[in-house]
1. For Gln288, what charge total do you get from the other residues with a beta carbon under 11 Å from its beta carbon, if Lys and Arg give +1 and Asp and Glu give -1?
2. Over all alpha-carbon pairs in segment 303-368, figure out the percentage whose distance exceeds 13 Å.
3. Between Arg85 and His212, what is the spin-label point distance in nm, taking each point 7 Å from the Cα along the Cα→C-beta axis?
4. Going by amide H atoms built from the backbone, whose H comes under 5 Å of the H on Asp31, apart from near neighbours?
5. Is the C-alpha gyration tensor of segment 86-210 telling us rounded, prolate or oblate? Criteria: a/c under 1.5 is rounded; beyond that, a/b larger than b/c is prolate, otherwise oblate.
6. How are the alpha carbon pair distances in segment 34-96 distributed across 5 Å bins from zero to the largest one, expressed in percent?
7. Per 0.36 nm of contour for each residue apart, how much would the distance between Arg149 and Tyr47 grow if the chain were fully extended, relative to their Cα-Cα spacing?
8. Amide H of Gly315 versus every other amide H placed in the peptide plane: which residues, excluding those fewer than 5 positions away on the same chain, fall under 5 Å?
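The values are calculated or read from the model by the stated rules, or taken from the named source; none is laboratory data. None of the values given here were measured: they were computed from a predicted structure. Note that each Cβ is placed from the backbone with ideal geometry, even for glycine, and that neighbours are counted across all protein chains shown. Accessible surface is based on the protein model in full, side chains and every heavy atom, while ligands, DNA and RNA are left aside. Shrake-Rupley method; radii C 1.70, N 1.55, O 1.52, S 1.80 Å.
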Amino acid sequence: MVWGDRATGKVIVGLGGIGAVLFDMDGTLVDSDAAVERAWERWAAEYGVDPAAALTIAHGSPADRTIRRLLPALDDTTVVAAAARQLALQYDDLADVVATPGTRDLLRALARLELPWAVVTSADRRLAEARLGAAGISAPVLVTVEDVRVGKPDPEGYRHAAALLGVPVTRCLVVEDAEVGLRAGRAAGAMTAALKGLDGDLRLDDLTQLAHHLDPSPTGEPAGVPGSDLLHSSPATTKGDPVELTLTPMTEQDLVRLLGALEQGYAEDLVAHSGLTPEAAHERSVTQIRESLPAGAASEGALLRLGRVGDTEVGWIWVRLPTSAAPSQARIDNIEVHPAHRGRGYARRMIQLIEAELAQLEVPELGLNVFGTNTVAIGLYRSLGFEVTSQQMSKRIAGAG
(Lines give C-alpha, C1' and ligand atoms only; values in the text may rest on other atoms or scores of the structure.)
Protein backbone atom coordinates (compact mmCIF):
# COMPACT_ATOMS: atom_id res chain seq x y z
CA MET A 1 0.00 0.00 0.00
CA VAL A 2 1.34 3.40 -0.96
CA TRP A 3 -0.28 6.74 -0.39
CA GLY A 4 0.45 10.42 0.14
CA ASP A 5 1.07 11.95 3.55
CA ARG A 6 -1.35 14.89 3.54
CA ALA A 7 0.68 16.86 6.07
CA THR A 8 4.05 16.67 4.33
CA GLY A 9 3.15 15.81 0.77
CA LYS A 10 5.66 12.96 0.90
CA VAL A 11 4.94 9.43 -0.25
CA ILE A 12 4.33 6.98 2.59
CA VAL A 13 5.13 3.38 1.77
CA GLY A 14 3.34 0.49 3.49
CA LEU A 15 5.79 -2.37 2.93
CA GLY A 16 3.36 -5.04 4.07
CA GLY A 17 0.48 -3.92 1.87
CA ILE A 18 -3.06 -3.41 3.11
CA GLY A 19 -3.43 -5.24 6.40
CA ALA A 20 -7.16 -4.75 6.96
CA VAL A 21 -10.24 -2.97 5.63
CA LEU A 22 -12.43 -0.93 7.97
CA PHE A 23 -15.97 -0.21 6.77
CA ASP A 24 -18.56 2.31 7.75
CA MET A 25 -21.97 0.63 7.88
CA ASP A 26 -24.89 2.83 6.79
CA GLY A 27 -24.55 3.85 3.16
CA THR A 28 -21.31 1.89 2.75
CA LEU A 29 -22.01 -1.80 3.39
CA VAL A 30 -25.71 -1.39 4.11
CA ASP A 31 -28.22 0.59 2.08
CA SER A 32 -30.28 2.03 4.93
CA ASP A 33 -30.56 5.62 3.72
CA ALA A 34 -34.34 5.54 3.48
CA ALA A 35 -34.73 4.12 6.98
CA VAL A 36 -32.31 6.66 8.41
CA GLU A 37 -34.15 9.52 6.76
CA ARG A 38 -37.53 8.30 7.99
CA ALA A 39 -36.26 8.09 11.55
CA TRP A 40 -34.74 11.56 11.51
CA GLU A 41 -37.87 13.03 9.96
CA ARG A 42 -40.04 11.53 12.71
CA TRP A 43 -37.60 12.60 15.39
CA ALA A 44 -37.42 16.14 14.00
CA ALA A 45 -41.20 16.42 14.06
CA GLU A 46 -41.27 15.31 17.70
CA TYR A 47 -38.57 17.78 18.78
CA GLY A 48 -39.66 20.72 16.66
CA VAL A 49 -36.63 20.68 14.38
CA ASP A 50 -36.57 21.36 10.65
CA PRO A 51 -36.28 17.85 9.10
CA ALA A 52 -34.15 19.17 6.22
CA ALA A 53 -31.68 20.69 8.68
CA ALA A 54 -31.42 17.36 10.52
CA LEU A 55 -30.87 15.33 7.37
CA THR A 56 -28.19 17.74 6.15
CA ILE A 57 -25.86 16.95 9.05
CA ALA A 58 -27.02 13.60 10.41
CA HIS A 59 -25.54 11.15 7.94
CA GLY A 60 -22.52 9.33 9.34
CA SER A 61 -22.50 11.15 12.69
CA PRO A 62 -23.45 9.79 16.11
CA ALA A 63 -26.98 10.80 17.06
CA ASP A 64 -25.90 12.75 20.14
CA ARG A 65 -23.43 14.84 18.13
CA THR A 66 -26.09 15.69 15.56
CA ILE A 67 -28.59 16.58 18.28
CA ARG A 68 -26.14 18.89 20.03
CA ARG A 69 -25.66 20.76 16.78
CA LEU A 70 -29.39 20.99 16.16
CA LEU A 71 -30.37 21.85 19.72
CA PRO A 72 -27.32 23.39 21.43
CA ALA A 73 -29.34 24.56 24.45
CA LEU A 74 -30.15 21.02 25.62
CA ASP A 75 -28.39 19.72 28.72
CA ASP A 76 -26.48 16.45 28.69
CA THR A 77 -29.29 14.38 30.20
CA THR A 78 -31.79 15.60 27.62
CA VAL A 79 -29.35 14.99 24.78
CA VAL A 80 -28.89 11.37 25.90
CA ALA A 81 -32.65 10.86 26.03
CA ALA A 82 -33.15 12.50 22.62
CA ALA A 83 -30.42 10.34 21.06
CA ALA A 84 -31.96 7.21 22.56
CA ARG A 85 -35.32 8.17 21.07
CA GLN A 86 -33.79 8.73 17.66
CA LEU A 87 -32.19 5.28 17.68
CA ALA A 88 -35.39 3.67 18.95
CA LEU A 89 -37.18 4.93 15.86
CA GLN A 90 -34.73 2.93 13.71
CA TYR A 91 -34.61 -0.46 15.46
CA ASP A 92 -37.61 -2.05 13.77
CA ASP A 93 -37.53 -0.13 10.48
CA LEU A 94 -35.71 -2.75 8.38
CA ALA A 95 -38.11 -3.40 5.50
CA ASP A 96 -35.91 -1.89 2.78
CA VAL A 97 -32.48 -2.41 4.38
CA VAL A 98 -30.21 -4.37 2.01
CA ALA A 99 -26.52 -4.74 1.17
CA THR A 100 -25.13 -1.99 -1.05
CA PRO A 101 -24.13 -2.77 -4.66
CA GLY A 102 -20.81 -4.59 -4.79
CA THR A 103 -20.77 -5.63 -1.13
CA ARG A 104 -20.90 -9.34 -1.95
CA ASP A 105 -18.12 -9.02 -4.53
CA LEU A 106 -15.92 -7.13 -2.11
CA LEU A 107 -16.42 -9.48 0.84
CA ARG A 108 -15.64 -12.45 -1.42
CA ALA A 109 -12.45 -10.69 -2.54
CA LEU A 110 -11.43 -10.09 1.08
CA ALA A 111 -12.01 -13.78 1.82
CA ARG A 112 -9.85 -14.80 -1.16
CA LEU A 113 -7.11 -12.45 -0.02
CA GLU A 114 -7.53 -13.47 3.62
CA LEU A 115 -7.69 -9.80 4.57
CA PRO A 116 -9.31 -9.11 7.95
CA TRP A 117 -12.08 -6.52 8.09
CA ALA A 118 -14.29 -4.73 10.55
CA VAL A 119 -17.31 -2.45 10.68
CA VAL A 120 -17.08 0.89 12.50
CA THR A 121 -20.44 2.57 12.87
CA SER A 122 -22.10 5.49 14.63
CA ALA A 123 -25.07 3.24 15.40
CA ASP A 124 -25.38 1.36 18.68
CA ARG A 125 -24.84 -2.40 18.77
CA ARG A 126 -28.52 -3.33 18.68
CA LEU A 127 -29.16 -1.26 15.56
CA ALA A 128 -25.90 -2.28 13.88
CA GLU A 129 -26.57 -5.98 14.37
CA ALA A 130 -30.16 -5.57 13.14
CA ARG A 131 -29.16 -3.78 9.95
CA LEU A 132 -26.20 -6.02 9.17
CA GLY A 133 -28.43 -9.02 9.76
CA ALA A 134 -31.12 -7.63 7.45
CA ALA A 135 -28.45 -7.17 4.76
CA GLY A 136 -27.09 -10.70 5.30
CA ILE A 137 -23.68 -9.48 6.53
CA SER A 138 -21.80 -11.06 9.43
CA ALA A 139 -19.04 -8.72 10.58
CA PRO A 140 -16.04 -10.45 12.19
CA VAL A 141 -15.38 -7.31 14.26
CA LEU A 142 -17.99 -4.67 15.01
CA VAL A 143 -17.19 -1.34 16.69
CA THR A 144 -20.23 0.73 17.58
CA VAL A 145 -20.82 4.10 19.20
CA GLU A 146 -21.04 2.25 22.54
CA ASP A 147 -17.43 1.09 22.20
CA VAL A 148 -15.84 4.54 22.00
CA ARG A 149 -15.74 7.65 24.11
CA VAL A 150 -16.05 9.98 21.14
CA GLY A 151 -17.72 9.20 17.82
CA LYS A 152 -16.84 10.26 14.30
CA PRO A 153 -15.14 12.48 13.14
CA ASP A 154 -12.91 11.48 16.06
CA PRO A 155 -10.57 8.67 14.94
CA GLU A 156 -11.05 6.55 18.07
CA GLY A 157 -13.43 4.07 16.44
CA TYR A 158 -11.14 3.28 13.53
CA ARG A 159 -8.09 3.04 15.78
CA HIS A 160 -9.99 0.70 18.10
CA ALA A 161 -11.07 -1.54 15.21
CA ALA A 162 -7.50 -1.76 13.90
CA ALA A 163 -6.28 -2.71 17.38
CA LEU A 164 -8.93 -5.45 17.67
CA LEU A 165 -7.77 -6.86 14.34
CA GLY A 166 -4.13 -6.63 15.40
CA VAL A 167 -3.23 -4.46 12.41
CA PRO A 168 -1.60 -0.99 12.62
CA VAL A 169 -4.15 1.57 11.55
CA THR A 170 -1.62 2.94 9.06
CA ARG A 171 -1.99 -0.42 7.28
CA CYS A 172 -5.77 -0.09 7.09
CA LEU A 173 -8.10 1.12 4.37
CA VAL A 174 -11.15 3.01 5.66
CA VAL A 175 -14.19 2.84 3.37
CA GLU A 176 -16.77 5.60 3.90
CA ASP A 177 -19.67 7.37 2.24
CA ALA A 178 -19.81 10.39 4.57
CA GLU A 179 -17.35 13.24 5.02
CA VAL A 180 -17.48 12.93 8.81
CA GLY A 181 -16.28 9.33 8.50
CA LEU A 182 -13.57 10.20 6.00
CA ARG A 183 -12.30 12.80 8.45
CA ALA A 184 -12.16 10.12 11.12
CA GLY A 185 -10.24 7.78 8.84
CA ARG A 186 -7.74 10.46 7.85
CA ALA A 187 -7.24 11.50 11.48
CA ALA A 188 -6.57 7.86 12.39
CA GLY A 189 -3.77 7.75 9.80
CA ALA A 190 -5.48 5.27 7.49
CA MET A 191 -5.89 5.38 3.74
CA THR A 192 -9.45 6.29 2.74
CA ALA A 193 -11.77 5.10 -0.01
CA ALA A 194 -14.72 7.40 -0.65
CA LEU A 195 -18.14 6.66 -2.12
CA LYS A 196 -20.91 8.97 -3.37
CA GLY A 197 -18.57 11.40 -5.12
CA LEU A 198 -16.67 12.35 -1.97
CA ASP A 199 -12.93 12.93 -1.91
CA GLY A 200 -10.72 10.17 -0.53
CA ASP A 201 -7.38 8.63 -1.44
CA LEU A 202 -9.52 6.42 -3.67
CA ARG A 203 -12.79 7.53 -5.24
CA LEU A 204 -15.26 4.71 -5.77
CA ASP A 205 -18.43 4.34 -7.77
CA ASP A 206 -19.34 1.21 -5.81
CA LEU A 207 -17.74 -1.59 -3.82
CA THR A 208 -17.25 -3.83 -6.84
CA GLN A 209 -14.70 -1.31 -8.03
CA LEU A 210 -12.84 -1.63 -4.73
CA ALA A 211 -12.95 -5.42 -5.00
CA HIS A 212 -11.19 -5.19 -8.35
CA HIS A 213 -8.69 -2.68 -6.97
CA LEU A 214 -7.75 -4.95 -4.05
CA ASP A 215 -7.76 -8.17 -6.04
CA PRO A 216 -6.78 -7.29 -9.62
CA SER A 217 -5.53 -10.81 -10.32
CA PRO A 218 -3.36 -11.64 -12.08
CA THR A 219 -1.72 -8.21 -12.05
CA GLY A 220 -2.05 -7.20 -8.39
CA GLU A 221 0.49 -4.57 -7.33
CA PRO A 222 2.59 -5.13 -4.21
CA ALA A 223 3.89 -2.22 -2.25
CA GLY A 224 6.97 -3.72 -0.65
CA VAL A 225 8.71 -6.95 0.10
CA PRO A 226 10.55 -7.28 3.47
CA GLY A 227 9.06 -10.10 5.52
CA SER A 228 9.14 -13.71 6.58
CA ASP A 229 8.43 -15.93 3.55
CA LEU A 230 11.46 -16.36 1.32
CA LEU A 231 10.58 -16.69 -2.35
CA HIS A 232 12.87 -17.05 -5.33
CA SER A 233 12.82 -17.47 -9.07
CA SER A 234 15.18 -17.94 -11.95
CA PRO A 235 15.14 -15.26 -14.64
CA ALA A 236 11.86 -15.76 -16.50
CA THR A 237 10.61 -14.90 -19.92
CA THR A 238 7.95 -12.23 -20.34
CA LYS A 239 4.42 -13.56 -20.72
CA GLY A 240 1.33 -11.72 -21.88
CA ASP A 241 1.08 -8.30 -23.42
CA PRO A 242 4.08 -6.20 -22.33
CA VAL A 243 3.38 -3.00 -20.42
CA GLU A 244 5.02 0.06 -21.98
CA LEU A 245 7.40 0.69 -19.10
CA THR A 246 11.15 1.28 -18.95
CA LEU A 247 13.63 1.11 -16.10
CA THR A 248 16.12 3.96 -15.69
CA PRO A 249 18.96 4.26 -13.17
CA MET A 250 18.07 6.16 -10.01
CA THR A 251 19.99 9.34 -9.23
CA GLU A 252 21.12 10.37 -5.77
CA GLN A 253 18.40 13.01 -5.76
CA ASP A 254 15.82 10.33 -6.54
CA LEU A 255 17.06 8.16 -3.69
CA VAL A 256 16.97 11.02 -1.18
CA ARG A 257 13.41 11.77 -2.25
CA LEU A 258 12.31 8.16 -1.66
CA LEU A 259 14.52 7.05 1.23
CA GLY A 260 12.66 8.69 4.13
CA ALA A 261 9.38 7.08 3.13
CA LEU A 262 11.07 3.70 2.76
CA GLU A 263 12.60 3.97 6.23
CA GLN A 264 9.28 4.94 7.76
CA GLY A 265 7.39 2.16 6.03
CA TYR A 266 9.93 -0.47 7.04
CA ALA A 267 9.83 0.78 10.64
CA GLU A 268 6.06 0.42 10.69
CA ASP A 269 6.37 -3.15 9.46
CA LEU A 270 8.90 -3.91 12.18
CA VAL A 271 6.48 -2.61 14.80
CA ALA A 272 3.66 -4.71 13.35
CA HIS A 273 5.59 -7.95 12.87
CA SER A 274 8.61 -7.86 15.21
CA GLY A 275 7.17 -6.40 18.39
CA LEU A 276 9.59 -3.48 18.47
CA THR A 277 8.67 -0.09 19.87
CA PRO A 278 8.24 2.65 17.25
CA GLU A 279 11.50 4.26 18.39
CA ALA A 280 13.51 1.05 18.24
CA ALA A 281 11.93 0.09 14.93
CA HIS A 282 12.78 3.44 13.36
CA GLU A 283 16.38 3.21 14.56
CA ARG A 284 16.76 -0.31 13.17
CA SER A 285 15.10 0.66 9.90
CA VAL A 286 17.39 3.63 9.30
CA THR A 287 20.47 1.65 10.29
CA GLN A 288 19.72 -1.39 8.12
CA ILE A 289 18.69 0.52 5.03
CA ARG A 290 21.56 2.99 5.14
CA GLU A 291 24.09 0.25 5.86
CA SER A 292 22.76 -1.50 2.76
CA LEU A 293 23.37 1.67 0.71
CA PRO A 294 26.61 3.11 2.14
CA ALA A 295 27.32 5.14 -1.01
CA GLY A 296 23.71 6.03 -1.71
CA ALA A 297 22.56 5.51 -5.27
CA ALA A 298 26.14 4.65 -6.27
CA SER A 299 26.43 1.81 -3.71
CA GLU A 300 28.26 -1.19 -5.11
CA GLY A 301 26.07 -4.20 -5.71
CA ALA A 302 22.78 -2.25 -5.68
CA LEU A 303 20.54 -1.89 -8.71
CA LEU A 304 18.25 1.09 -8.09
CA ARG A 305 15.83 1.67 -10.93
CA LEU A 306 12.89 3.99 -11.55
CA GLY A 307 9.94 2.63 -13.50
CA ARG A 308 8.74 5.11 -16.11
CA VAL A 309 5.96 5.22 -18.65
CA GLY A 310 7.02 7.96 -21.00
CA ASP A 311 8.06 10.87 -18.77
CA THR A 312 5.92 9.70 -15.82
CA GLU A 313 7.51 7.94 -12.87
CA VAL A 314 5.19 5.11 -11.85
CA GLY A 315 7.33 3.28 -9.29
CA TRP A 316 10.77 1.97 -8.42
CA ILE A 317 12.68 -1.19 -7.60
CA TRP A 318 15.79 -1.90 -5.54
CA VAL A 319 17.72 -5.13 -6.17
CA ARG A 320 20.81 -6.32 -4.32
CA LEU A 321 23.29 -8.27 -6.47
CA PRO A 322 24.76 -11.57 -5.28
CA THR A 323 27.11 -11.48 -2.29
CA SER A 324 29.58 -13.95 -0.83
CA ALA A 325 26.82 -15.16 1.49
CA ALA A 326 24.49 -15.81 -1.47
CA PRO A 327 26.76 -16.03 -4.51
CA SER A 328 24.08 -17.12 -6.99
CA GLN A 329 21.09 -15.07 -5.88
CA ALA A 330 20.15 -11.42 -6.34
CA ARG A 331 17.44 -10.09 -4.02
CA ILE A 332 14.65 -7.57 -4.37
CA ASP A 333 14.95 -5.35 -1.32
CA ASN A 334 12.00 -3.15 -2.24
CA ILE A 335 9.49 -2.60 -5.03
CA GLU A 336 6.96 0.22 -5.10
CA VAL A 337 4.14 1.30 -7.40
CA HIS A 338 2.93 4.85 -6.82
CA PRO A 339 -0.77 5.09 -5.83
CA ALA A 340 -2.09 6.71 -8.99
CA HIS A 341 -0.63 3.91 -11.10
CA ARG A 342 -1.61 0.75 -9.23
CA GLY A 343 -3.53 -2.08 -10.87
CA ARG A 344 -1.96 -1.66 -14.31
CA GLY A 345 0.66 -4.39 -14.22
CA TYR A 346 3.61 -2.07 -13.53
CA ALA A 347 5.04 -4.13 -10.67
CA ARG A 348 4.92 -7.24 -12.83
CA ARG A 349 6.70 -5.43 -15.66
CA MET A 350 9.39 -3.97 -13.39
CA ILE A 351 10.21 -7.46 -12.12
CA GLN A 352 10.30 -8.84 -15.66
CA LEU A 353 12.67 -6.09 -16.79
CA ILE A 354 14.95 -6.48 -13.79
CA GLU A 355 15.08 -10.23 -14.49
CA ALA A 356 16.18 -9.48 -18.04
CA GLU A 357 18.91 -7.19 -16.69
CA LEU A 358 20.05 -9.89 -14.26
CA ALA A 359 20.10 -12.46 -17.05
CA GLN A 360 22.55 -10.25 -18.94
CA LEU A 361 24.71 -10.20 -15.80
CA GLU A 362 24.43 -14.02 -15.69
CA VAL A 363 22.71 -13.99 -12.29
CA PRO A 364 20.78 -17.29 -12.14
CA GLU A 365 18.35 -16.63 -9.29
CA LEU A 366 16.23 -13.82 -7.84
CA GLY A 367 14.88 -13.86 -4.28
CA LEU A 368 12.66 -11.66 -2.14
CA ASN A 369 10.85 -11.61 1.18
CA VAL A 370 7.17 -10.85 1.63
CA PHE A 371 4.98 -10.73 4.71
CA GLY A 372 2.62 -13.69 4.77
CA THR A 373 -0.36 -11.34 5.23
CA ASN A 374 0.35 -9.58 1.90
CA THR A 375 -1.60 -12.04 -0.19
CA VAL A 376 -1.96 -9.68 -3.15
CA ALA A 377 1.81 -9.48 -3.50
CA ILE A 378 2.22 -13.22 -2.94
CA GLY A 379 -0.25 -13.93 -5.74
CA LEU A 380 1.71 -11.71 -8.13
CA TYR A 381 5.05 -13.28 -7.23
CA ARG A 382 3.71 -16.82 -7.63
CA SER A 383 2.30 -15.93 -11.05
CA LEU A 384 5.81 -14.79 -12.04
CA GLY A 385 7.31 -18.14 -11.03
CA PHE A 386 8.47 -17.40 -7.48
CA GLU A 387 8.10 -20.20 -4.96
CA VAL A 388 8.50 -20.45 -1.20
CA THR A 389 11.87 -21.95 -0.27
CA SER A 390 11.91 -21.51 3.52
CA GLN A 391 9.92 -20.12 6.39
CA GLN A 392 10.92 -18.85 9.82
CA MET A 393 9.10 -18.43 13.12
CA SER A 394 10.25 -16.90 16.39
CA LYS A 395 8.97 -15.80 19.79
CA ARG A 396 10.13 -13.67 22.67
CA ILE A 397 11.27 -15.48 25.85
CA ALA A 398 9.35 -14.33 28.92
CA GLY A 399 11.69 -12.99 31.59
CA ALA A 400 14.68 -12.74 29.31
CA GLY A 401 16.68 -9.51 29.24
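1. Values: positive: Arg284, Arg290; negative: Glu263, Glu283, Glu291, Asp333.
Charge balance in the 11 Å sphere: -2.
2. Values: 1324 of 2145 pairs.
Of the Cα pairs, 62 percent sit more than 13 Å apart.
3. Taking the two extended label points, one gets 4.7 nm.
4. Amide H neighbours of Asp31: Val98, Ala99, Thr100.
5. Numbers: a/c = 1.37, a/b = 1.13, b/c = 1.22.
Rounded shape, in that the Cα axes give a/c under 1.5.
6. Cα pair-distance distribution for segment 34-96, in percent: 3, 20, 34, 27, 12, 3, 1.
7. Details: separation 102, 0.36 × 102 = 36.72 nm, distance 2.55 nm.
Result for the pair: 34.2 nm of gain on full extension.
8. Hits under the 5 Å cutoff: Gly307, His338.
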